[in-house]
Amino acid sequence: MRITQAPSTARAAYYDRNMTYVSAGSDQQGIAPHAFADTWSYTVPAARKTTVTAVVNIWRRLTAAAPVGKVTAQVISAGGTAMFDYFVTTLNAIDNRHDAIITPNHVLIAGQIIKGNNSDASTGGTCDFEGWFNGNEYDA
Amino acid sequence: MAQNPELKQGQTLARYVQNLWGDKVRLVPSVQVAVLTTPTRVIKNNPRRMGLIVVNLGSGTAYLDWLPSIAQGAGVPLIGAGSTLTLSAFEDGELCSYDMYAISAAAGNTLQVWEIETL
């Protein structure tokens, strides 16, 4: 068996290595108080890498709580390698909000996970939670 | 098995091949195989195959194996942009005749495949 690999003058840039656009997220509306829970996730496939190009983490108070508790919403890379946005609040007025739109340009390797999760320790009241990521996935 | 005892003067290579492999051979017209992200059969088993040429025309790496259980990142890597694998019955024995499978991390990689088989 003979194998002749193409001459390697320089490795192809990531955008020429079978790049595809990837995205994941969730848009929850009118959510009642709840324990900490993952709402979406994305795992980098084997033999691939992903550059996270945009992260969105939005919260809005829809109806007031009584009493309000701690509300958290975050977008992180599982395993603690990166925290893209972390938000904690006890704001309780209707239309209080947190808007985060971030362009991190962070590289995830095969098997790493980016996910969104949130919690609301209030009593009553509802919130909107919206979290997304966009990225470029390509051969490792 | 085709026999041609009356090879003409000058058909040196034909005579050499017939002596080496016992029969005349022909080139099978090439085929293109789109490699998927799941095991993709590149070529079927052919007991008459004496030679095989596989060229990766894509930009990504295709992995090759002779079993359909090939997994991502396993097998013989053939990087893109013209990398070539060749098999010969002379060197590789019956491996030359087996099914071959490929897999790639992303779609879009095409293999160009030629066979040399006996008549």
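In whole angstrom, region A:101-140 maps to an equivalent ellipsoid with semi-axes of 31, 12, 7, each derived as √(5λ) from the alpha carbon gyration tensor and ordered largest first. Spread over its residues, the convex hull of the C-alpha atoms of region B:44-83 is 78 Å³ per residue.
Using only alpha-carbon positions in the protein assembly as shown, the gyration tensor eigenvalues give semi-axes of 61, 15, 12 Å once each is multiplied by 5 and square-rooted (largest first).
In this entry, chain B is assigned a mean projected area of 7.6 nm², taken as a quarter of its C-alpha convex hull surface. Between the C-alpha center of region A:16-64 and that of region B:90-115 there is a gap of 39 Å. Among the lysines, which have Cα under 28 Å from the Cα of B:Lys44 when same-chain residues fewer than 8 positions away are ignored? Within the straight-line cut-off, B:Lys44 pairs with B:Lys24. Taking all protein chains together and rolling a 1.4 Å probe, A:Phe129 ends up with roughly 10 Å² accessible.
Scaled against the 2.2 N^0.38 Å expected of a compact globular protein of N residues, the Cα radius of gyration of region A:1-122 reads 1.43. Over region B:50-119, the pair-distance histogram of Cα-Cα distances with 5 Å bins from zero comes to 4, 18, 27, 25, 17, 8, 2, 0 percent, rounded to whole numbers.
To make sure I understand the rule: partners must be lysines, Cα under 24 Å from the Cα of A:Lys49, and not fewer than 8 residues away in the same chain. Which ones qualify? Excluding near neighbours in sequence, the set is A:Lys115.
Applying both filters, DSSP loop and at most 14 other Cβ atoms within 10 Å, to the trypsin sites (Lys or Arg not before Pro) of region B:1-80 gives B:Lys8, B:Lys44. The A:Gln5 and B:Ser88 beta-carbon pair, evaluated with R₀ = 25 Å, returns a calculated FRET efficiency of approximately 0.85.
Seen against the Cα atoms of chain B and their longest principal axis, helix B:12-21 is set at about 70 degrees.
The values are calculated or read from the model by the stated rules, or taken from the named source; none is laboratory data. Everything quoted here is computed from the prediction, not taken from an experiment. With ideal geometry, Cβ positions are generated from the backbone for all residues, glycine too; neighbour counts draw on all protein chains shown. To get the accessible areas, we keep the full protein, side chains included, count just its heavy atoms, and leave off ligands, DNA and RNA. Shrake-Rupley method; radii C 1.70, N 1.55, O 1.52, S 1.80 Å.
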